[in-house]
Structures are given as structure tokens and as C-alpha cells.
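Structure, as C-alpha cells:
The values are calculated or read from the model by the stated rules, or taken from the named source; none is laboratory data. Quantities reported herein were computed from a predicted structural model and do not represent experimental measurements. Cβ: placed from backbone, ideal geometry, glycine included. Neighbour counts: every protein chain shown.
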Amino acid sequence: MSFLLEESEISQANEAKEICILIKNKITEAKLCKITSSDPTDFVAEWLYFFNLFKYQCKGLSAPFPTQNQAESVILSKDQLNSIRSKIQEKLSDLKQDYITQKTYKKKQAEIQQKEFLLKTNIKKAKEISQKEVQKELRFEELMEEEELLKHQMQQEELKSEIKNNQKKSDKLLQAIKEKQLEEKYDLAKFKAVETIKKIKEETEKQILLRRFVVKKKFGELRKKNELKKSLLKEQIFNLRGAMAESISKVAKKGDFESCKYNNFQHEFVKIKIYCARNFELEADKYEDCAKEESFCGVCCENEFGELYLTEREICVDECEKNHGKRLF
């Protein structure tokens with residue numbers, strides 16, 4: 001419950017046992033009673049005083065004279081009035097001090113709020129400036145990043161272009177290397193073919209020369225044989241029957257292959273000398289040829305096989321020289 005000060009009135013309630021005051025307006029009323037056992041006159045007087053103080057005196061108005069009932073209801077002694085005034089002064093002093101303290105506090109609070117507002121404003125401005133600086137820095141970073149990305153893209157494009165050009169050069173180089181390898185393979189094959197042809201020619205020439213030498217030797221031997229035949233025939237013609245018979249005996253002689261074979265010429269030299277001495281005792285040239293390793297086979301086979309057995313003689317010579325690695329051709 002509440003009352004408007006301007007529309008309300010206050011008075012002491014007529015209660016026998018309780019000390020109360022009555023506050024009322026045109027609509028309602030309320031009774032306030034003292035609970036403690038202190039002086040009842042203080043309770044009523046204080047309420048009446050402060051009601052008049054706040055309703056009239058604080059506004060510069062004159063308080064109305066109390067009614068007969070109000071005057072009769074409150075009968076105070078001089079000491080009581082002094083005590084009330086003293087208490088009122090104390091309370092007024094306390095109220096004044098409280099008011100000053102409250103006013104100082106509110107002023108201080110206002111100053112602090114103003115400072116806090118300024119601080120908040122400064123913080124807000126600092127934040128705004130910071131945000132602007134950050135945004136500026138972010139924008140700068142974005143521009144730098146864009147520039148760096150563009151730079152990197154350009155560098156990458158240049159590197160890609162360089163790689164492409166190097167790849168083309170590499171492909172051309174590889175193609176040139178492959179072509180060179182083909183040329184080298186052809187040159188190598190050509191060189192080998194030329195060498196092969198050269199070797200074939202050289203081998204053919206050797207074979208031809210060897211064949212010619214063999215044929216020449218054969219023809220020489222045939223010539224010798226023919227000359228020998230002629231000589232023998234001449235000797236046979238000029239040396240009558242005896243010489244003729246001797247020549248015919250030599251021509252028709254068919255001896256033994258084994259007589260001309262040997263395993264080691266040096267080891268069997270005594271045996272060979274005996275053979276040569278027995279067959280060519282009177283023919284110094286043939287004896288000398290017979291005792292030589294390089295001519296033994298020819299002399300021996302010629303002695304063992306007469307002119308009628310030239311094939312056997314040739315076979316004898318071939319076998320003799322072949323078996324002992326002394327074949328000259």
C-alpha cells in the first residue's frame with residue numbers, strides 16, 4: 001500500500017493500549033502502531049514532524065495549525081520537546097551527511113561512469129582503428145598475396161614454357177641420337193661387312209696363293225719327275241739293258257709306307273740314318289737330304305714308291321708329313 005504525500009493527512013490514532021498514527025487520503029487509510037516499548041510520544045512526534053517537514057517545509061510552504069484533536073492528542077513536556085529536537089537534529093545531520101555522501105557518491109559514480117564511458121569510447125575507437133588497421137593490413141596482405149600468386153603463376157607459366165621448350169629440345173635431341181644410333185649401327189654393320197668381305201678376300205687370296213703354291217710345287221715336282229723320267233729314259237736308252245732294267249726296277253718299285261713313318265725324328269735319328277745309308281750309300285746328295293727332317297719324307301717315299309706308283313708315293317708323302325706336323329703347304 002502507498003500514499004501520495006500531497007493528498008494524505010496524518011494524525012494520532014485514539015487507541016487505549018497501542019500507540020498508533022493514522023494516515024489517510026480520500027480513498028483509504030492506514031494505521032501504523034509502535035511495536036517497541038520506548039517512549040510513545042517520540043514515535044508520534046517524529047512522524048508528525050517529518051510528515052510536515054517533507055510535505056510542507058521542504059517545498060517552502062507553511063505547515064497548517066494542528067487541529068484541536070491533534071493538539072490535545074500530543075501533550076509534551078519541555079524536556080521531551082528538547083529531546084525530540086535533539087534527535088531530530090541528529091537525524092537531520094545524519095540525513096544531511098547521508099545526502100552529501102550520497103551526492104558525493106553519485107558525483108563520483110557519474111565521474112567514474114563518464115570515465116568508463118570515455119574508456120569504452122576510447123576502447124571502441126581503438127577497436128575501430130584496430131579493425132580498420134587490421135582490415136587495411138588484411139587488404140594489403142590480400143593484395144600482396146594476389147601479387148605473389150600472380151607472380152608465382154607468371155613464374156610457373158614461364159617455367160612450364162621453358163620445360164616445354166626443353167622437352168621439345170630433348171625430343172629433338174633424342175630423335176637426333178636415335179638417328180645417329182641408326183647411322184652408327186649401319187656404319188658398324190657396314191664396317192663389319194667390309195671387314196668380313198676383306199677377310200673373305202684375304203682368305204680367298206691365301207687359299208688361292210696356297211693353291212697356286214701347291215700346284216706350282218706339284219707342277220715343279222711333276223717337272224722334276226718328268227725330268228727325272230726323261231733322264232732315266234735317256235740313261236735307259238744310253239745305258240743298254242742293264243741300266244734300263246735298273247731304271248725300270250726303280251720305276252716299278254712299290255715299297256712299304258711304314259719305312260717312312262716315325263714318331264720323333266730326333267729320338268729315331270739313328271734308325272733313320274741306317275735307312276738312309278742302306279738306300280743312298282753311293283748318292284751323297286740324296287743321303288744328305290734323307291738325313292734332314294724337312295726333306296726325309298719326300299726322299300723316303302720317292303725311294304719306296306717308283307714312278308709307276310706316283311699316287312702311292314704322294315699318299316706316302318702326305319701321310320708322313322701330316323702325321324708329324326711337317327707338312328709345308
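Across region 262-274, which residue is nearest to residue 292 (Cα to Cα) among those that are assigned to a loop (DSSP other than H, G, I, E, B) and of a type outside the set (A, V, I, L, M, F, W, C)?
The residue in question is 266.
Could you list all residues from region 10-28 that are at pLDDT 80 or above, surrounded by 15 or more Cβ atoms within 10 Å (Cβ to Cβ) and out of contact with any helix residue (DSSP H, G or I) (no Cβ under 7 Å at 6 or more places or on another chain)?
20, 22, 23, 24
Being on the phi < 0 side of the Ramachandran plot and either hydroxyl-bearing (Ser, Thr, Tyr) or part of a helix (DSSP H, G or I) (or both): is that true of residue 282 here?
no
Scanning for something outside any helix (DSSP H, G or I) and either more than 28 Å from residue 209 (Cβ to Cβ) or among the hydroxyl-bearing types (Ser, Thr, Tyr) (or both), does region 285-298 turn up at least one residue?
Looking through region 285-298, at least one residue is outside any helix (DSSP H, G or I) and either more than 28 Å from residue 209 (Cβ to Cβ) or among the hydroxyl-bearing types (Ser, Thr, Tyr) (or both).
Rundown of residues vs (1) modelled with pLDDT under 85; (2) in the same structural domain as residue 314 (by TED's automatic domain parsing); (3) among the acidic types (Asp, Glu), yes/no style:
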| position | (1), (2), (3) |
| --- | --- |
| 158 | no, no, yes |
| 170 | no, no, no |
| 183 | yes, no, yes |
| 192 | yes, no, no |
| 199 | no, no, no |
| 208 | no, no, no |
| 214 | yes, no, no |
| 219 | yes, no, no |
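Quick one: would you say residue 227 is surrounded by fewer than 13 Cβ atoms within 10 Å (Cβ to Cβ) and over 60 Å from the mean Cα position of the chain (by Cα)?
Yes, satisfied.
With 224, 271, 292 as the choices, which residue is basic (Lys, Arg) and either in contact (Cβ under 8 Å) with a residue 12 or more places away in the chain or closer than 20 Å to residue 315 by Cβ (or both)?
From the options 224, 271, 292, the qualifying one is 224.
For residues in region 231-243 being surrounded by 11 or more Cβ atoms within 10 Å (Cβ to Cβ) and free of Cβ contacts under 8 Å to residues at least 12 places away in the same chain, which is farthest from residue 286 (Cα to Cα)?
Of everything passing the filter in region 231-243, 237 is farthest from residue 286 (Cα to Cα).
Among 259, 247, which is the only one that is in contact (Cβ under 8 Å) with a residue 24 or more places away in the chain and either part of a helix (DSSP H, G or I) or of a type in the set (D, E, K, R) (or both)?
Just a single option satisfies the conditions, and that option is 259.
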